[in-house]
Structures are given as C-alpha cells and as structure tokens.
Amino acid sequence: MTIVEVTGVRKVYPLGKVEVEAVKGVSFCIEKGDFISIAGPSGSGKTTILNMIGCVDRPTAGTVSIAGRPTKDLSDKELTTLRHETLGFIFQSFNLIPVLSVRENIEFPLLLGNERVPKKDKEKWIDYLIEEVGLGQWSTHKPNELSGGQRQRVAIARALVTRPQIVLADEPTANLDSKTGEQIIELMKKINREMETTFIFSTHDAKIVGIADHVIRLQDGLVIENLRRGADASAICADDAAAAEEAR
Amino acid sequence: MPVLVRIAFRNLLEHKAKSLIIGILLALGVVILIVGNSFMDTAAKGVKDTFIGNYTGDVFIHATAKYPVSLFGVQAAGGQESTPNLPYYDKVVEKLKSIRGVKSTAGQVTGFGLVSPRDSDKQGFSLLFGIEPDKYYELFDNATVVEGRMLRSGDEGILISKKQAERYAKEFEKDVKAGDEVLLTGMGKGGFKIRAVPIVGIIQYKSETEATDFISYVDVTTLRIIMGMTLGNDEDTPITEEQKSLLAMSDEDDLFGAEEIVAPSAAKNAPVAANVAAAAAGTVAKKASVADSGAWHFELARLENPNDAPRVVAELNQWFASEGINASAGDWKAAAGPFAQSIDVVRIVFNIAIIIVAVVAVIIMMNTLVISVIERTGEIGTMRALGAQKGFVRKMFLVETLTIASVFGLIGMLLAFAIIGVLNAIGIQASNPFLEILFAGKTLKAAVNPLSVINSLVLVGIVAVLAHLYPVSLALKIQPVRAMQTE
C-alpha cells in the first residue's frame, strides 16, 4: 500500500536575485511499513524532499500525497492537523523543548490535538515508550541533562507518541558519534518492525544507508537510484524507475 | 498544572534577565499606580470631607452667572465679577427644605475685604463669609474658639482665624486681640464702604490649612452693607427675559393702556416731578446704609445622607428650569470651585504621566519580547511542525505574558503596600498651602482603595497584553520548516 506519493516535484528557492532549484522534478512512491533512506551528499535535496513529505514546505510544482491525500491545496490549519495526526518528526538537532522534562517532551504532541485520550491509557503509553527507548531512569530530567544519544531517543519517543503512520527523520545521526548513531538506527528499525510505522530518514552515512530496505539516492536535486532490497523489490513505482533511469 | 502555564513559569525562570526587565517595569507600574492613586484618592476624599464638613455642605445653590460660581465668588476670566444675588430666595429655601433628605440649610454672602486697625492706615486682606450664626452653626461646626467667643445672632462683628490674627499683627505692627475694633473695607456696586466692627473672637479651624485660614466670618448685615447689598442699591438680582421686557416699558401707560383720561398740564407737572425725584433720591440715600435682609449669594444644605446629593441637585435644577428661576444647584465640587479643581488637575497630570510611562513600558517590553521570540524561533518552529496550530502559539505567549504580569503585579502590589505603610509611618508634612489642601491637612495619610488596586493590576495586565501583540504576530509568522533548519 502506497503511503507517500511524490510526483514531478520541483522546488525553487529565491536566493537574492537568482533562483536556486533544489529539487528538479522528482517522482517516487513509499510503501506503508517501509524503512526508507533518502541518501545523497550535502545539497542533493534530501532535506527539501523530506520537508515536503513532512508538510512543512510546499513544492513549487508537482504533487505530494500523504496517505492518499494531496497536500497541494490544503490550508495551513489542515496541514498542521495532517502533520499532527499522520506524521512524527525526528530532527537532526533533537529540537526538544528545553523547559520540559523527558516525560513532558514525549507527552507534548498529545496536548496539541483535540482527541481525548483517557489519562490512564496516556500514562501507560508514555511509560511504554520511555521504556522502549531505554530512558526509564531519566524521565524527570531536562534535555540539557542528557547526552546527544539520549536526547535523540527522547525525540524518537516523542515522534511515536501520537501513533503516526509515518516518522520522518532528518539526518538523525548527524550530531551523534558513530556507535550511538548505529544504536539509534537500530532502535528505529526495531520500532519499524514492531509497530509497522513507516520510517523515512535522510542520511549521507553509507553505513546507515545499508540498514534501510528501500533507498532513494539523490544527486543535484534528482533521483539517481531507487532501490528496494529483499522480497518487495518489484514494489517500486514505474515512474520511479523511469525517473531514476533518466537521471542516470 | 496546564502545560502552557508550566511552560510559562519555566520560561520565566529559564530567561531570568528578560523576565526581570519586563517584571521590574510591570512591578514599577503597579507601585506607581497604587501609591499614586492612594495619594490621589486620599487627597480627593480629604478635600471633599473638609469642604463638605466645614464650608460647602452637600448641596450648593447660587444664581446663574456668565462664569462658574463657587463659594468664593464668580470665577471670571481675567478679573473680579460681582457675585449675583440668589433670586426668589425665600421660595428657593422653601423648596429646598421640602425636598426629602434635606437636614438643614443656611444662607451665605461672600466678599473680599480689607481689615485695618482704627488708628492706622495699614491693611490686611481677608475673604469674608457673611453668615447668620445660628443657622450656619447648625450646618458647620468647623472651628474652636481660641480667644473671645463665636459670633451670635444679632452680633455685629468679625471672627478671624488664629493664623490671620498673627498675620494682621505682623502687618499692623501691634497685637490683634478679641475685643479690638477694626475697620472693614469692602467694595460693591456702590463703591467703597467702610464699617467699624469689633473682633468678636479668634478661632482655630478644625481642618487647618493656610488657604482656609484667610476666611473670616462676619455677621451678614455688616457684609451686605460693605458689599453694597443695601435696599437703595439695584444689586444685580438675575431676572428673566419676560421680566426684563416688562421693566423696559417706558411708563405705566404701556402696562395699563395708552388712552389719556385726563390731559396732564405740562407746566404744573414739571415742578411736581422734580420734587418727587428729589424726595426719591433722599430715600435712596438713606436706604443705601440699610442692608437688604433678603439678599443672599448662596444657600447651603446638609443632607441626611450625603450620597443623595446628586438626586437633590437634579430635583432642584429641574425645579429652577420649570419655575424660570435663574439659579443653579451643584454639589460640594461646584461650591469648592478652584480647590476641587486642583485635585482634578493633579489627577489629570498624574494620568498623563502614567500614560507616558505606560507607552515607554510597552515599547521596552515589546523589544524584550521580540528578542525572546527570535531566540525561540526553533522551539516555535518545532511546536508547529509537531502539530501546534497558530492558536496554540498565540495562547502560549499570552499565558506567558499574563503569568509574568500576575507574578510581578503581585510583587508590585506588596511593594506598594509597604511603601504606603512606611510613608504613613514617617508622616510626610505639607510644606505649602497647596499641599495642605491636597493632603487634607498638615500630614499625608494615604489609604489604599481596593478598587484602585484592582484597577492598577488590570491596567498593568492590559499594558502587558498590548506589549505582547507585536512579538506574537512575529511568532505566528514562524514557519514549521524552521524546525528543520540546523542552528
């Protein structure tokens, strides 16, 4: 089942008097439950693609559909609701709210929606996530009392707390040492298997790319490789293959 | 505790320097408002109580004039204007007494005079209140006798204040005592008039201020004479247009018809007319020294309940209008005239100062909050990316602003109470007559008005909310994509 569909997406940024085309017509599909890496060197357009899938930025041309819903004509309010209900975010710099504790940071997205979750269920779910990311001892600590790896674990738990269909991670290991980075990716993979949450992460670390079961490689704003490993290799959209071939 | 309040409190502690800048401004604002308003309210109440209890009563009736009329005369721009007599005095008093809640009433004549000793040409100024002692003392028990006695009905004499006696002693270069005879010079329409009267007593006002120390009480008959309010004098009693047109008619023929029944002989009539004119002139000359016992400038009234003053004033003014009487009723403020206005002027100056301070505070707070928004761009972007609607961001800043306003507002309030307590304990002395009026006495005793405290806190809250509007508009422009940008 396709959960993200990117069709002919272009993104142009004004840079002073000139325009910079960060993404030059990209198309691909992402299936539900994928653990997908968007790889490529700096400036290849990874973060721009991730921003558009994450509904925090709009494409200049083309369409992005999330869970079958095109985002092009949605209002700011509708996009915010879509983000809250469907997407989870893991940021390169963790982006935890400094004045809230580990537990409060994880709980925070639940306070933004209109959905009423019974307090007991909520507490149980947060406890589960805290244990799952291995921070049982740290739940009352503030972000500045944690290591980089611990902060990213908090961010992972926070991204999962609303039970999103998709978790987006922008270079989640960039600010971590290699060992901690591997642990974080392993944790994401484990959650991906257990909860069947689709993980889309951008990286330029070849080692981490190797763990993904679907890799979209970008260069200069174009898809140069769209590779699905294992049994579902045929699930790549026809457009994806054609676009990748053309880029080569 | 709701998450927004939690975030607000923790942000206050997290950004101590900014919180302190905003907080100190807010606390200072509350201190200025509470302390200032307490002094204003105390002064206003002091002046009101002083004037109602000692000089003006609750209701003040006077003849209408071109300029505002107070107990101290007509406040004409650029000079003295004589105070018109209250028309239809007996009818007005009868009406006043018939109104529910009127306890007692008394008439008053006000004039300015010069006091001099018999054997010297040295003079001292005095503000003269002409009264009928029995009736007046029913309204006001405003002085105690230091020497001699109070005025009694039927007396001819003057009561002066102790301070006035001391001033006169300096000016006259001799002691001024009860029993001394002084010359009282006044000026009315008939020119200067001088009258010799004894100083019946020297008094001390219960509410002693340098401004009121100038007031001397004279029996109304003496004051009427030196003010020219005599039978032979056509004092300017206000009359209606209809009355004026009747008086404008040249002779009785205009009133009773122009037909001549008997033709007058011009030759015979001329000497008779001259004789009548001469006789009339003689009568007027005699009457010029006889006071017009019905002539009063004002009528003052005390009420059972002073809060009824607006009702009584309204009823009287309605009656004056319906009867066509050129008179007007007012409350103590109208009677106190410039003294009551001085409080209003001080309050206006204070309010203008507060508005300037508030504008400066809003600008400083706004700048500080803008810096805070810029510093928290990533945090706000993250919240938006995680699903926070713009309304959430707006609420977050509002709660933070109101939290800081409440915390420092309360600190300011406690500080203000402490300052008022200390100032009251020290007892600030009035150094000049103006301050004595404002302080309603020699020493300032400020009292805190709970309503004024609430108003001050609300005002500071409004200032804080106004200051946060622009920064919050900047915060709302922060796009969620900012969360993805590495700092």
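FYI, it's all coordinate maths here, none of it is from the lab. Predicted, not measured: the structure shown is a model, and the values here were computed from it. Positions of Cβ are backbone-derived with ideal geometry, glycine not excepted, and every protein chain shown enters the neighbour counts.
Some points to look at:
- For the stretch B:104-125 versus the stretch A:186-225, the gap between their alpha-carbon centres in whole angstrom: 105 Å
- In this rough spin-label picture, where each label sits 7 Å from Cα along the Cβ direction, the A:Lys207-B:Ile352 distance is 7.5 nm.
- Spread of Cα-to-Cα distances over 20 Å intervals beginning at zero, given as percent, for the protein assembly as shown: 14, 28, 17, 15, 16, 9, 2, 0
- Peptide B:471-484 has a mean shielding of 3, counted as Cβ atoms of other protein chains within 10 Å of each residue's Cβ.
- C-alpha center-to-center spacing [the stretch B:402-420, the stretch A:160-183] in angstrom: 46 Å
- Mean residue ellipticity at 222 nm, helices only, the protein assembly as shown: -15000 deg cm²/dmol; runs of at least 4 DSSP H residues each add -39,500 (n - 2.57), and the sum is divided by the number of residues.
- With neighbour counts taken as other beta-carbon atoms within 10 Å, the residues B:His297, A:His204, B:His468, B:His15 rank, fewest first, as A:His204, B:His15, B:His468, B:His297.
- Here the gap between B:Val146 and B:Val345, fully extended at 0.36 nm per residue and compared with their Cα-Cα distance, gives a gain of 68.1 nm.
- Counting Cβ atoms of other protein chains within 10 Å of each Cβ in B:375-386 and taking the mean gives 5.
- Measuring between their Cα centroids, the stretch A:34-51 and the stretch B:6-82 lie 67 Å from each other.
- Around B:Met40: net Lys/Arg minus Asp/Glu count, Cβ-Cβ under 14 Å: +2
- The ranking of B:Leu223, B:Leu114, B:Leu159, B:Leu128 from fewest to most other beta carbons within 10 Å of each one's beta carbon is B:Leu114, B:Leu128, B:Leu159, B:Leu223.
- Each of the peptides B:309-322, B:329-342 was scored by the mean count of other Cβ atoms within 10 Å over its residues; in descending order, highest first, they stand as B:329-342, B:309-322.
- A:Met1/A:Lys24 FRET efficiency (R0 35 Å; Cβ-Cβ; nearest 0.05): 0.80
- FRET efficiency for the pair A:Ser178 and B:Leu469, taken as 1/(1 + (r/R0)^6) with r the Cβ-Cβ distance and R0 = 56 Å, rounds to 0.70.
- Using 0.36 nm per residue and subtracting the Cα-Cα separation, the extra length available between B:Ala447 and B:Glu94 on full extension is 123.1 nm.
- Label point distance in nm, A:Ser42-B:Ile364, each placed 7 Å from Cα along Cα→Cβ: 4.4 nm
- Inter-chain Cβ neighbour count for A:74-80, averaged per residue, equals 3 (cutoff 10 Å, partner chain atoms only).
- Sites B:Phe192 and B:Gln75 - FRET efficiency at Förster radius 35 Å, r taken between beta-carbons, to 0.05: 0.90
- Three-way shape call for the stretch B:1-42 based on the alpha-carbon gyration tensor, with the a/c threshold at 1.5: oblate
- Pairs from the list A:Lys46/A:Lys207; A:Lys32/A:Lys207; A:Lys124/B:Lys477; A:Lys124/A:Lys207 with a Cα-Cα gap above 28 Å: A:Lys124/B:Lys477; A:Lys124/A:Lys207.
- Cross-link pairs beyond the 24 Å C-alpha cut-off, checked among A:Lys120/A:Lys190; B:Lys18/B:Lys395; B:Lys97/B:Lys162: A:Lys120/A:Lys190; B:Lys97/B:Lys162
- Chain A - Rg and Dmax from Cα coordinates, angstrom: 17.9, 56
- Length gained when the stretch A:Leu15-A:Lys189 is fully extended (0.36 nm per residue, less Cα-Cα span): 58.9 nm
- Within the straight-line cut-off of under 24 Å between alpha carbons, the lysines reachable from B:Lys103 are B:Lys45, B:Lys48, B:Lys91, B:Lys95, B:Lys135, B:Lys206, B:Lys333, sequence neighbours fewer than 8 places apart in one chain being disregarded.
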